[in-house]
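Presented below is the structure to which this report refers.
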Amino acid sequence: MAHEHAHAGLHHHHEHRITSLNRAFLVGIVLNVGFVVVEFAVGLFYGSMGLLSDAGHNLSDVAGLLLAMLAFRLAQAHATPRYTYGYKKSTVLISLLNSVILLIAVGVIVAESIGRMLHPEPIAGGAIAWTAGVGVVVNGFTAWLFMKDKERDLNVKGAYLHMAADALVSIGVLVSGVVISWTGWTVVDPVVGLAVAGVIVASVWSLTRDSLRLSLDGVPEGIDVGRVEAEMTSVEGVRAVHHIHIWAMSTTENALTAHVVLEDLARLEEVKRRLKERLAGEGIPHATLEFESAAARCCDLCD
């Protein structure tokens with residue numbers, strides 16, 4: 001009975017988290033679409049490279065939020081005879097695509113900022129500062145929506161990093177607007193555009209690296225194969241472990257396959273239960289284990 005209550009509680013928590021994240025994605029997308037339209041219009045009207053580059057970055061973030069929400073929903077889809085894992089792996093591919101979109105945005109921002117430095121134009125610092133101030137609020141609030149779940153999902157972490165970086169970038173644009181208003185130094189605007197590019201690269205680097213590794217079925221971040229093997233061999237009744245493979249089924253679920261050599265096959269069920277408990281504690285909830293007896297393996301080696 002206690003187990004059933006615990007399972008029901010975990011299921012309710014999971015459902016609440018799904019609903020909460022869906023709402024966070026929808027609110028974040030609506031807010032950022034509205035801000036991108038305003039920022040782009042003001043940047044175009046006043047000829048501000050800082051605002052236009054930030055609007056481009058925010059537009060890429062809207063695309064990123066849409067992709068992350070798509071990945072989040074695909075991860076909930078059921079398995080099919082053709083896709084026996086469901087669509088969980090799409091979360092990794094979408095995370096990689098999201099990082100590529102951001103890197104393309106960096107190239108555009110750098111090119112436009114350099115062009116503006118070579119051919120400066122007068123701009124209105126006050127309008128830039130006010131618009132960027134709105135951006136600080138919008139981006140900061142959106143980042144807060146994802147803060148509590150950022151360590152559970154690579155796509156949610158990506159959304160959080162992008163929006164937090166955007167809030168910092170908007171602060172930079174705001175400062176540039178104030179400086180231009182007071183000094184008339186319009187060169188500050190494209191310099192901020194280049195700073196935007198730097199912040200994007202810094203924030204997206206870890207996302208790109210992790211997404212690429214997971215797409216190649218590399219060992220997920222935070223999991224040490226040596227430690228996992230040590231945990232498995234420390235279970236009473238286990239003689240050795242070999243042929244260990246660990247990969248990510250999605251941005252939130254990890255899997256393992258391994259061969260386990262047992263002292264006594266009669267204890268198989270007990271040992272298997274303990275092994276799966278240890279693996280779950282290491283962040284690997286899905287494990288496929290093949291068992292063999294120490295005596296049989298010894299005979300195979302002798303042959």
*Would you confirm whether any residue within the stretch 48-63 is under 13 Å from the mean Cα position of the chain (by Cα), in the same structural domain as V30 (by TED's automatic domain parsing) and not charged (D, E, K, R)?*
no
_Being over 22 Å from G158 (Cβ atoms), modelled with pLDDT under 90 and touching a Lys or Arg at 6+ places or on another chain (Cβ under 9 Å) is the requirement here; does A266 meet it?_
no
*Within the group V27, V36, which residue is in contact (Cβ under 8 Å) with a residue 12 or more places away in the chain, surrounded by 15 or more Cβ atoms within 10 Å (Cβ to Cβ) and either on the phi < 0 side of the Ramachandran plot or out of contact with any strand residue (DSSP E or B) (no Cβ under 8 Å at 6 or more places or on another chain) (or both)?*
V36
_Return the pair list, or none, for Cβ contacts closer than 9 Å from residues in the stretch 232-244 that are in the same structural domain as S293 (by TED's automatic domain parsing) and among the acidic types (D, E) to residues that are surrounded by fewer than 17 Cβ atoms within 10 Å (Cβ to Cβ) and assigned to a loop (DSSP other than H, G, I, E, B), at least 6 apart or on different chains._
E236/E263
*Considering residues of the stretch 187-234 that are crowded, with 20+ Cβ neighbours inside 10 Å and over 27 Å from the mean Cα position of the chain (by Cα) only, the residue modelled with the highest pLDDT*: M232
*Evaluate the stretch 119-129: report whether one residue or more is surrounded by fewer than 24 Cβ atoms within 10 Å (Cβ to Cβ), part of a helix (DSSP H, G or I), assigned by TED's automatic domain parsing to the domain that holds L96 and at pLDDT 80 or above.*
no
*Restricting attention to the stretch 76-85, which residues are surrounded by 13 or more Cβ atoms within 10 Å (Cβ to Cβ) and modelled with pLDDT of 80 or more?*
Y83
*asked:* With the requirement that a residue be under 30 Å from D210 (Cα atoms) and either of a type in the set (F, W, Y) or surrounded by fewer than 16 Cβ atoms within 10 Å (Cβ to Cβ) (or both), what does the stretch 242-273 give you?
replied: H242, H243, H245, W247, T257, H259
*Pairs, please: C-beta under 6 Å, at least 6 apart or cross-chain, first residue among the small types (G, A, S) and in the stretch 83-109, second surrounded by fewer than 20 Cβ atoms within 10 Å (Cβ to Cβ) and in a helix (DSSP H, G or I)?*
S90/L74; S99/T208
*What is the number of the single condition among (1) touching a strand residue (DSSP E or B) at 6+ places or on another chain (Cβ under 6 Å); (2) within 27 Å of A164 (Cα to Cα); (3) among the aliphatic types (A, V, I, L, M) that I244 does not meet?*
(2)
*Subset of the stretch 235-255 [in contact with a His (Cβ under 8 Å, 6 or more places away or on another chain), farther than 21 Å from S293 by Cβ and modelled with pLDDT of 90 or more]*: N254, A255
*Mind checking whether some residue in the stretch 56-68 is over 23 Å from M147 (Cα atoms), surrounded by 13 or more Cβ atoms within 10 Å (Cβ to Cβ) and either modelled with pLDDT under 80 or in contact with a Cys (Cβ under 8 Å, 6 or more places away or on another chain) (or both)?*
yes
*Go through the stretch 249-295 and give me each residue that's within 37 Å of the chain's Cα centre (by Cα), among the hydroxyl-bearing types (S, T, Y) and not in a loop (DSSP other than H, G, I, E, B).*
T257, T288
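The values are calculated or read from the model by the stated rules, or taken from the named source; none is laboratory data. This one's a predicted model, so the numbers in the text were calculated from it and none came from an experiment. Every residue, glycine among them, receives a Cβ derived from its backbone with ideal geometry; neighbour counts consider all protein chains shown.
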